[in-house]
1. Is segment A:268-278 home to any residue that is closer than 23 Å to A:PHE192 by Cβ and more than 12 Å from chain B (Cβ to nearest Cβ)?
2. Only one of B:THR191, B:THR168 is touching a Lys or Arg at 6+ places or on another chain (Cβ under 9 Å) and over 25 Å from B:ILE290 (Cβ atoms). Can you tell me which?
3. With the condition kept exactly as written, say whether any residue in segment B:105-115 is modelled with pLDDT of 95 or more, hydrophobic (A, V, I, L, M, F, W, C), surrounded by 17 or more Cβ atoms within 10 Å (Cβ to Cβ) and assigned to a strand (DSSP E or B).
4. Sort through B:GLY176, B:GLY190 and tell me the only one that's in contact with a His (Cβ under 6 Å, 6 or more places away or on another chain) and within 30 Å of B:GLU157 (Cα to Cα).
5. Is it fair to say A:ASP294 is surrounded by fewer than 21 Cβ atoms within 10 Å (Cβ to Cβ) and not assigned by TED's automatic domain parsing to the domain that holds A:ARG201?
6. Restricting to segment B:129-144, count the residues that are in contact with a helix residue (DSSP H, G or I) (Cβ under 9 Å, 6 or more places away or on another chain), part of a helix (DSSP H, G or I) and not hydroxyl-bearing (Ser, Thr, Tyr).
7. Among helices (runs of 4 or more DSSP H) lying entirely in segment A:230-314, which contain 3 or more residues that are closer than 17 Å to A:CYS162 by Cβ and modelled with pLDDT of 90 or more?
8. Please count how many residues of segment A:160-184 are modelled with pLDDT of 90 or more and part of a strand (DSSP E or B).
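The values are calculated or read from the model by the stated rules, or taken from the named source; none is laboratory data. All figures in this text were calculated on a predicted structure; none of them were measured in a lab. FYI the Cβ positions are ideal-geometry reconstructions off the backbone, even for glycines, and counts take in every protein chain you see.
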Amino acid sequence: MDGEELTEQETALYDRQIRVWGADAQRRLSKAHILVYGLKGTVAEFCKNIVLAGVGSLTLVDDREVSEEALSANFLIPPDENVYAGKTLAELSCDSLKDFNPMVRVSVEKGDLSSFNVEFFSKFDVVVVSCSSLATKKLVNEKCRKLPKRVAFYTVDCKDSCGEIFVDLQVHRYSKKKNDETVECELQYSSFEEAISVPWRTLPRKTSKVYFAMRVLERFEEAEGRKPGEVSIEDLSGVLKLKKELFVSMNESHIPDSLLERLVTNAREFPPVCAIIGGILGQEVIKAISGKGDPLKNFFFFDATDGKGIIEDI
Amino acid sequence: MTNSTVQPSRSRDLDKLLLRPGNLVGPTFEPGLGLREDLKEYVKVLVVGAGGLGCELLKDLALSGFRELEVIDMDRIEVSNLNRQFLFRLEDVGKPKAEVAAKRVMERVSGVNIVPHFGRIEDKELDFYSKFSIIALGLDSIEARSYINAVACSFLEYDSDDNPQEETVKPMVDGGTEGFKGHARVIMPGTTPCFECTIWLFPPQVKFPLCTLAETPRTAAHCIEYAHLIKWDEVHSGKAFDPDDPEHMKWVYNEAVKRAELFGIPGVTYSLTQGVVKNIIPAIASTNAIISAACTLETLKIASGCSKTLSNYLTLPVKPRNFDGLRELCVAFLKYNGAEGLHTKVTEFVKDKDCLVCGPGVLVELETSVTLEKFISLLEEHPKLQLLKASISHRGKNLYMQAPPVLEEMTRSNLSLALFDLMGKISKDVVHATGTIIESDKKTSCLRKLLVVFKGADGVADMDTAGGA
């Protein structure tokens, strides 16, 4: 795993995927270090996918204890109370993930993500943040950007049957095959803060409504001092009021109240949506590490009610 | 065939991942609330395949609230499965996939019951399949899909207005993946095209002409197949080639290298040799995860639209859209390509009304005097069927079974009886025949629905009053 060549064990285990992306990409994966924060169903799915893919290491941060919500959508948490009592989501997930691929170093880091310093993030190649406040997302993204090496930054959140992925690869250079030729490509990404600062009135009308809904909820949580995801039906009127204020410069309200109502009433994740979003995120991280394939730029939204997956470049 | 939905624009990229057009099932689907409590108990789902897709499907269905699942797979676990079939560990290698998968999911999700079946889909009787509300497919071959499709469609019956009878519709959700690519589709027998109706969608299976292999190879694969299909028999006459024997594989590899050198063809590697000989499909976890989840969403939508009728059948709100007299249908055919960032196409397909599989059945007209034995031999020559060594069943009753020996002996006496009598003296009805067909020099198991019509029958008793058989 640390040497240059893949071991015989790795070649046997990864045979089917090496046939997809090549031994070179597999080697790069085996040297990659991933940090993940916020272990709900979607992130659990993502972790499963990249552990199976054979990354070098995966570090989990989530000091929360098991809840009924966690049991209903996170496949990594065993349902037996005797087993899970007293352990955090990160610890339990770590145990399960190690089973999926003993060749990946899976570990737990305790603490508040927003308090970790820039040096901490320098250990990683990819950082994935979920279940976080607006402030934390911006802060972690900035710390990643301060480092001399490129640290890919992602946010991912699912509520009800909607999901959102944000991608920041800073400057991403990769090559791809086009009509038998190899073409060199370069993409420039904005930070999370830059992206969400783009005034809404300048965004095209067809921009996914889920984007706006997520931003409204983020602002609401920030304004009310709530923990991420800590909204319920009682807050609906407050949320709708905030929505009106945020859209005040626009002639029409771009998002239906019903969408916000869904996301506020049922902040829980929906398992098949977790698997879709977790799968897509897994794929994106593999692309970023291996340098193969067109990465997503820069937001992805999914809503199971209409079955649409939309990529927005904001 | 497919409509591109990519509209490039200067300021943004908009791709759409369309899962379904929405007119396949009524607007009763309520995502996010999981499966309705009452449905959890009696919607039985069969997952066919416990591999890359099957493992993900079982997990997703269980987490989504389905309580009664069964899974069938004939394979045992191998090391190369472990990169994506996450329910299996290194110490499970050699064990039956279905059994280990069922066990692991039940350990993680409380309240779900999963019955595993280690065996071939062709070895199960029709009766086995009839109890499932929905069949979810995680298969890796066209033949297997074809077989299950024939099974599901065999239950389908039409009323006198040529509409599918709702309680005989057994929907399938079919997923398939290869590398970064995948598809998910829904088949509603009688309404959407079935698998056979759209079999032309699949790219032609690669089969090299013998003369290319023997005389004029151009690619590494040609050299490999020459060694595998031609040279092996020349040197090892009689001894069967075993793709799982590393010595055999090495022999083929060495011969392929020799041939490649002779013709100056680059690219023969041991890995490619294995891939060509074993027809290995490259596979990764994330594609399987996405496609299975898409299939699960489809399964939920179908199940949510169900209502329980008095007779305990699940009725599906299938509403075919009539368009210029043709039955047209939007198939939710999701195509996903993770590598190119290009997702989705939803395509409209039309059901083939002459389809042998999902139509009302291949018409066979007989005199009332024809014996069962004569009937079975007629099937061999029937131009649309050419079905060899057929076993026949009618309304769940085995009329004659070619195997196993016990059943053969029990049903042998029926052979000399008139089919008309065996079927209860009704003028026409559906009969199921399972046998072998020969396709491209290969023998495959085949199930066919037959509409047997007796000439000169009284016409007093007909299908509707035939009574349960």
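1. no
2. Working: B:THR168 fails: touching a Lys or Arg at 6+ places or on another chain (Cβ under 9 Å).
Checking each option against the conditions leaves just B:THR191.
3. yes
4. Numbers: B:GLY190 fails: in contact with a His (Cβ under 6 Å, 6 or more places away or on another chain).
Answer to the check: B:GLY176.
5. Numbers: surrounded by fewer than 21 Cβ atoms within 10 Å (Cβ to Cβ): yes; not assigned by TED's automatic domain parsing to the domain that holds A:ARG201: yes.
When the stated conditions are applied, A:ASP294 passes them.
6. Adding up the residues that qualify gives 2.
7. Details: elements: A:236-246, A:257-265, A:271-290.
Passing ranges, in order: A:271-290.
8. Within segment A:160-184, the first condition is being modelled with pLDDT of 90 or more, and the residues that meet it are A:162-173.
Next, from what is left, pick out any that are part of a strand (DSSP E or B): A:162-168, A:171-173.
So the count comes out to 10.
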